[in-house]
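*Asks:* I am attaching a structure below and will ask some questions about it afterwards.
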Amino acid sequence: MATASFNMQSVFAGGLTTTRKINTNKLFSAGSFPNLKRNFPVGVRCMAEGDPTKQDSTPTPSTSASQPLPKSPSPPPPMKPKVSTKFSDLLAFSGPAPERINGRLAMVGFVAALAVELSKGENVLAQISDGGVSWFLGTTAILTLASLVPLFKGITAESKSDGIMTSDAELWNGRFAMLGLVALAFTEFVKGGTLV
């Protein structure tokens, strides 16, 4: 084992393009591998950083060891993609506005429908026919404008979310409110009266 260690040290210390032969018979005990009598050439080649096509055939170890290795510049941090503020991009099918606006409207609509149902005892269809359309249009205009103004400024909901009030929680609450509003109207239609 000491012979192998010495041979490997001498290979690395010998220079950049040195090839040494290791006698494998010295590495093992005499009776271990009687038929193994091969000499394997081992070559170690070191290349400096920089232009890999330019090779120096006679480097001197003293000059290469005394020079400090140049630091490679660290890559710049990844840039966030710029948020588009075009109207068509904001209101595209996969844009940031439609699901958020519909979810916010559904949350307000679900709570308002339940509140009016509990206070007046009217189902959703009766609420809509009893002046609910004007309230729906007014709420839609206000929430749509309030949702679009920050998006036109380039501010995303994800950049303002932290803690419990995250943008993902708002999306999920909006999705459940949309399902709840549809389920409330469907249940009242099938039942023929108010839910409560």
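None of the figures in this text is laboratory data; all of them are computed from the coordinates on show. Note that the coordinates shown come from a computational prediction; the quantities given were computed from them, not determined experimentally. Counting neighbours? That spans all protein chains shown, and the Cβs are built from the backbone with ideal geometry, glycine included.
*Asks:* What does the extension gain come out to for V133 and T187, with contour length at 0.36 nm per residue minus their alpha carbon separation?
*Replies:* 17.4 nm
*Asks:* Could you please report the charge total around L171, scoring K, R as +1 and D, E as -1 over all other residues with beta-carbon less than 9 angstrom from its beta-carbon?
*Replies:* Summing Lys/Arg as +1 and Asp/Glu as -1 gives -1.
*Asks:* How much length is gained on full extension from V149 to F93, taking 0.36 nm per residue of separation minus their Cα-Cα distance?
*Replies:* Numbers: separation 56, 0.36 × 56 = 20.16 nm, distance 1.86 nm.
Once the chain is fully extended between V149 and F93, it gains 18.3 nm.
*Asks:* May I pose another question? Along the charge dipole of the stretch 116-185, pointing to its positive end and built from +1/-1 on Cβ of Lys, Arg, Asp and Glu, which listed residue (G180, G132, T156) has its Cα farthest out?
*Replies:* The residue sitting most towards the positive pole is T156.
*Asks:* Note down the net charge around A185, summing +1 for each Lys or Arg and -1 for each Asp or Glu among other residues with Cβ under 12 Å from its Cβ.
*Replies:* Around A185, the charge tally is -1.
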